Amino acid sequence: MADLLIVPKGLERVVVTKTAISKIDGEKGKLVYRGYSVEDLASNLSFEEVAYLLWFARLPSSQELLEFKEELAAHSSPSPVLMDFLQAAPSDTDPLALLRTATSLIGMLEQKEVEPIQSAKSLLPKFPVILSSFERSRRKKETIFPSVTHSFAENFLYTLTGRSPSKELTSALNSYMILLADHGLNSSTFSAVVTASTLADYYSDITSAIGTLKGPLHGGAPSLVWEMLQEIGSKDNARAWLEDRIESGGKIMGFGHRIYRTEDPRSRVLKSIARKIAKPEVFELAEYVETTAREMLRKKHPERTLETNVEFYSSLVLNAVGIPTDMFTATFACSRIIGWTAHILEQLSDNKLFRPESLYIGRESLTIPSKASP
Ligand SMILES: CC(C)(COP(=O)(O)OP(=O)(O)OC[C@H]1O[C@@H](n2cnc3c(N)ncnc32)[C@H](O)[C@@H]1OP(=O)(O)O)[C@@H](O)C(=O)NCCC(=O)NCCS
């Protein structure tokens, strides 16, 4: 006991590693990837450039970006075994469970030992195609394969709908993907890093991360936000609905954050995108719910700042670009995979196995009762 360090439950405010990938300033509401503010990245760069930045710690030259995009494009098409799996999946499969299983399947099929960065370049472009192919298959539509001339965000929407998306929707999805790409040592990233620290293969690391993203306290909230807005239905109904939820001890989805003690900077950008692309009546309702819930939560929890988190306006943006509601969290995974990968690479560059201890609080020194003789 003497030399054991007992830390708070949930590891709140405990630092377990160092990182040069992203910095969250929860007090000031700032998020930075490798020195660049996330707002700047989301409005000026492509998702591919940000993937390069996170993985290689600097922005690519135009030649490097071209080659990087070509490498990704070369790996984007699913193998016949993967296609069979996607087409055989029941139509009510949870898309995140599908993505998790597909990741594991791809890892199983990749026989040869390759560097994690190579596996990452192979897996990243397949993620949106896995979701689009499944969506089309469950709607009895033909698979659309990605176009080598399209960007990551463009291909996501193109393979989903079969039409080249407008610049506005592509740009909205591109910004969303950048804003969600990394966020310090969040729960799913921690999972990926713990798995990587055992020197497991890259696909196992990502499978662990996706499993962790599945919970509503982490990645599962945007579809719940959308469902909540649907249930509230109108401004007239909002106050009573929120009051009921808060007074009965329930959580308002898309509010609160473990680290931010002020507005989540990603929420601010997503709100401005939602204002442009969501249906006006949907945006108005969401904004009304935001203002009303904030006011009620302030009264209920004066000790804690509870503002909208990244998930609240994500739900409006994802809906407006045409992502099916049950694919919201899986779309989050298509973005966060680049952050997971960056942290896996960082962990492996200076690895130490994660192996905490638990404090035993069970009974001790029990004796097995003697069995009655037959
Ligand atoms: C994100 C979240 C898990 C952070 O949790 P946390 O840091 O552990 O925050 P706490 O649970 O300590 O919050 C402190 C208090 O505020 C309340 N609270 C936190 N978020 C709330 C919310 N969204 N709605 C209502 N009350 C909330 C808690 O119930 C707690 O109340 P208590 O002290 O009476 O028990 C939490 O805010 C939440 O569940 N939000 C809703 C789900 C969501 O949007 N998830 C996406 C996260 S990006």
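Below are the figures for this structure:
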item: Kyte-Doolittle mean at least 0.0, axial Cα span of 27 Å or more - DSSP H helices of the chain; result: 328-349
item: Carbon + sulfur, % of accessible area of region 319-363 - ligands and nucleic acids excluded, 1.4 Å; result: 50
item: Expected 222 nm ellipticity per residue - DSSP helices of 4 or more, -39500 (n - 2.57), all of the chain, to 500; result: -18000 deg cm²/dmol
item: Charged-residue dipole, Cβ positions (Lys, Arg, Asp, Glu), region 231-301 about Cα centre, Debye nearest 20; result: 420
item: Inter-centroid distance (Cα atoms) of region 211-228 relative to region 249-287, Å; result: 14
item: Residue with peak Gaussian network fluctuation, the chain [Cα springs, cutoff 10 Å], from P222, P280, P356; result: P356
item: Accessible surface of region 192-299, 1.4 Å probe, proportion on carbon and sulfur as whole %; result: 50
item: Shape call, region 159-258: gyration tensor on alpha carbons, a/c limit 1.5; result: oblate
item: Cα gyration tensor shape of region 236-287, rounded if a/c is under 1.5, else prolate or oblate by comparing a/b with b/c; result: oblate
item: The chain shape via C-alpha gyration tensor axes, a/c threshold 1.5; result: rounded
item: Packing rank of 357-364, 131-138, where each peptide gets the mean count of other beta carbons within 10 Å, highest leading; result: 131-138, 357-364
item: Whichever lysines have a C-alpha closer than 17 Å to that of K18, once near sequence neighbours (fewer than 8 apart) are set aside; result: K352
item: Solvent exposure of the chain as accessible area per residue, Å², 1.4 Å probe; result: 51
item: Region 1-138, dipole about Cα centre (Lys/Arg Cβ +1, Asp/Glu Cβ -1), debye to the nearest 20; result: 280
item: Two-decimal ratio, region 223-374, of alpha-carbon radius of gyration to 2.2 N^0.38 Å; result: 1.51
item: Among I368, L217, L109 - extreme Cα towards positive end, dipole of the chain, charges at beta-carbon; result: I368
item: Positive-pole candidate from V289, G233, H257, dipole of region 225-292, charges at beta carbon; result: H257
item: Sequence-distant lysines (8 or more away, or on other chains) whose Cα lies within less than 29 Å of K141; result: K69, K121, K126, K167, K214, K279
item: Farthest positive-ward along the chain dipole, Cα basis, beta-carbon charges - from G162, S79, I273; result: I273
item: Rounded to the nearest 20 debye, dipole of the chain from Cβ charges on Lys, Arg, Asp, Glu; result: 500
item: Exposure ranking of L109, L306, L199, L31 by accessible area [1.4 Å probe, largest first]; result: L199, L109, L306, L31
item: Whole-percent carbon and sulfur share, accessible surface of region 100-150, 1.4 Å; result: 50
item: Contact order normalised by residue count of the chain, Cα under 8 Å, 6+ apart, percent; result: 23
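The values are calculated or read from the model by the stated rules, or taken from the named source; none is laboratory data. Computed from a prediction, not measured in an experiment: that's the story for all the values here. Positions of Cβ are generated from backbone atoms using ideal geometry, with glycine treated the same way; all protein chains shown enter the neighbour counts. Calculation scope for accessible area: heavy atoms of the full protein, side chains included, ligands and nucleic acids excluded. Shrake-Rupley method; radii C 1.70, N 1.55, O 1.52, S 1.80 Å.
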